[in-house]
């Protein structure tokens with residue numbers, strides 16, 4: 001079990017408000033791109049179709065399920081990936097930590113398209129966590145992504161995929177995100193901080209060997225790969 005002081009495991013102080021704004025715009029752009037590329041092949045799309053069939057029922061369980069899917073489970077994933085695990089992995093370098101948690105996020109999905117999407121999103125979240133210095137910045141940006149994806153899932157569930165409304169739902173947030181990133185870059189100017197940059201003397205293969213040959217991590221990777229292959233075969 002990883003034991004770190006709470007303020008180290010989950011840093012809360014926001015070092016750069018401009019980078020948080022930049023991250024909001026960046027997450028809108030990433031969400032639009034990953035949605036366009038991977039939403040059609042997502043395993044969650046069928047789940048939301050089933051939910052839409054029962055949407056006429058006044059069932060509070062549906063609301064609870066959506067709250068869990070959009071807020072609770074994504075926050076739990078961020079606590080797992082960008083909490084003590086991420087901070088401990090930074091001893092091998094910030095880049096190694098970001099790539100490793102992105103790989104773990106992809107493996108947690110047990111589905112190829114969703115895994116690639118979430119791996120890319122987690123990589124972006126790691127970047128903004130390092131630039132802002134705040135765990136809550138990454139957690140909030142993850143919720144932004146989940147809300148955006150929920151909108152795309154709803155359109156897909158009601159048969160409006162690749163319609164004009166679908167493309168506008170992708171294009172408008174993408175353009176807004178690009179504008180926000182430009183504005184945040186102007187606000188930051190030359191005073192923008194580069195963020196933390198931890199480095200080690202270890203070579204890349206030595207870092208990977210030290211990480212993935214530990215029994216818990218090796219078992220996690222093996223089980224996740226088996227579940228991914230099994231899901232692909234059943235699908």
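Just so it is clear, none of the values below were taken in a lab; they were calculated from the coordinates. Note that the structure is a prediction, hence the values are computed from the model and not measured. For neighbour counting, all protein chains shown are included, and Cβ atoms are generated from backbone atoms with ideal geometry for every residue, glycine included.
Quick rundown of the values:
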{"quantity": "Sum of -39500 (n - 2.57) over DSSP H runs of 4+, divided by residues of the chain (222 nm, nearest 500)", "calculated": "-24000 deg cm²/dmol"}
{"quantity": "Point-to-point label distance, residue 147-residue 220, nm (Cα→Cβ direction, 7 Å offset)", "calculated": "2.9 nm"}
{"quantity": "Residue order, fewest to most beta carbons within 10 Å, for 49, 165, 61", "calculated": "61, 165, 49"}
{"quantity": "Exposure proxy ranking, count of Cβ atoms within 10 Å, fewest first, for 225, 19", "calculated": "225, 19"}
{"quantity": "Choice from 224, 69, 60 with maximal GNM fluctuation in the chain (Cα, 10 Å cutoff)", "calculated": "60"}
{"quantity": "Relative contact order for the chain, counting Cα pairs under 8 Å that sit 6 or more residues apart, in percent", "calculated": "38 percent"}
{"quantity": "Cα point-scatterer Debye curve for segment 19-119, base-10 log of I(q)/I(0) at q = 0.17, 0.21, 0.25 Å⁻¹", "calculated": "-0.98, -1.28, -1.38"}
{"quantity": "Taking N as its residue count, the alpha carbon Rg of the chain over 2.2 N^0.38 Å", "calculated": "1.07"}
